[in-house]
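Okay, structure first, notes after.
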Amino acid sequence: MGTEDGERVGLRERKKQETRTALSWAAIRLTVERGLDNVRVEDIAAEAGVSPRTFNNYFSSKSEAIAARHLDRARRIAVELRAQPTSKPLWESITDAALAQYALGQESDGEHAPGEQWIAGVRLMLTDPTLQGEFFKANAAAEAEFAAVIAERTGTDVTRDLYPRLVAGAVGAATTVVTEQWLRADPPVPIAALLRDALRQLAAGLPVP
């Protein structure tokens with residue numbers, strides 16, 4: 001494949017990812033505003049500026065579209081971790097990679113607290129059983145990818161050694177706890193601050209407070 005062909009393929013893949021991201025964000029925004037039962041695939045497609053057929057090319061359901069944000073973010077964290085200098089300590093690299101990519105709501109960059117209305121909508125959205133199932137599948141896929149990167153950085157075997165999967169599981173659990181804490185916080189707090197603290201405690205071996 002020549003350079004020009006490679007550039008065309010790269011551009012096509014970027015456009016596909018942009019469409020996937022736009023659909024996922026549209027699904028999240030509308031669900032937070034209206035509730036999952038009051039959002040149709042047609043509404044999500046219109047919000048993203050594409051056809052319902054295009055939506056169906058990317059996702060099989062509204063819930064899958066919403067959970068895709070979580071999975072895509074986890075994959076970007078894995079890519080960011082892989083790009084971290086190998087000389088940097090592992091937990092420092094994990095923290096930097098996570099903070100570089102982590103923001104639950106589009107209205108928040110992770111370093112600033114989102115509005116109470118947005119948090120209330122997200123809280124309600126995450127109670128939907130169908131969506132919980134999609135997030136469970138996304139978590140499993142995300143942890144598998146993260147464990148593979150941990151194995152690369154530590155020279156361990158993801159299929160035989162406990163370490164990479166333990167680290168991936170611990171980070172996955174930390175993000176779940178952080179999200180729950182973020183949703184309960186009153187007044188609202190930046191999610192990045194909670195994530196930074198959670199990963200710091202993990203890096204320290206979870207000493208007794």
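The values are calculated or read from the model by the stated rules, or taken from the named source; none is laboratory data. What you see is a predicted model, and the numbers here were worked out from it, not measured in a lab. Cβ: placed from backbone, ideal geometry, glycine included. Neighbour counts: every protein chain shown. Ligands, DNA and RNA are excluded from the accessible area calculation, which covers all protein heavy atoms including side chains. Shrake-Rupley method; radii C 1.70, N 1.55, O 1.52, S 1.80 Å.
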For the chain, what is the charge dipole size about the Cα centre, in debye to the nearest 20, if Lys and Arg each add +1 at the Cβ and Asp and Glu each add -1 at the Cβ?
300 debye
Suppose every K and R has +1 on its Cβ and every D and E has -1 on its Cβ; what is the size of the dipole of the range 108-209 about the Cα centre, in Debye to the nearest 20?
220 debye
7 Å from Cα along Cα→Cβ at both residue 117 and residue 51: what's the point-to-point distance in nm?
3.4 nm
Run the numbers for residue 16 and residue 144: contour at 0.36 nm per residue of separation, minus the present Cα-Cα distance, in nm.
43.7 nm
May I have the extent of the alpha carbons of the range 39-99 along their three principal axes, as whole Å values ordered from largest to smallest?
48, 17, 16
Count the lysine pairs in the chain whose Cα atoms sit under 23 Å apart, keeping only pairs 8 or more residues apart in sequence or on different chains.
4
If you rank 160, 69, 165 by how much accessible surface each has, with a 1.4 Å probe, what is the order from largest down?
160, 165, 69
Please compute the Cα-Cα pair-distance distribution of the range 118-209 with 10 Å bins starting at 0, giving whole percents from short to long.
15, 37, 34, 13, 1
Enter the accessible area of residue 15 (Å², nearest 10), with the probe set to 1.4 Å and all protein chains included.
110 Å²
Probe 1.4 Å, all protein chains in place: accessible area of residue 58 in Å², nearest 10?
60 Å²
Going by average Cβ neighbours within 10 Å, how do the peptides 194-202, 126-134, 70-78 rank, with the highest at the top?
70-78, 194-202, 126-134
The chain - Rg over Rh from alpha carbon coordinates, Kirkwood radius:
0.99
Between the range 4-82 and the range 114-185, how far is it from one alpha carbon centroid to the other, in angstrom?
19 Å
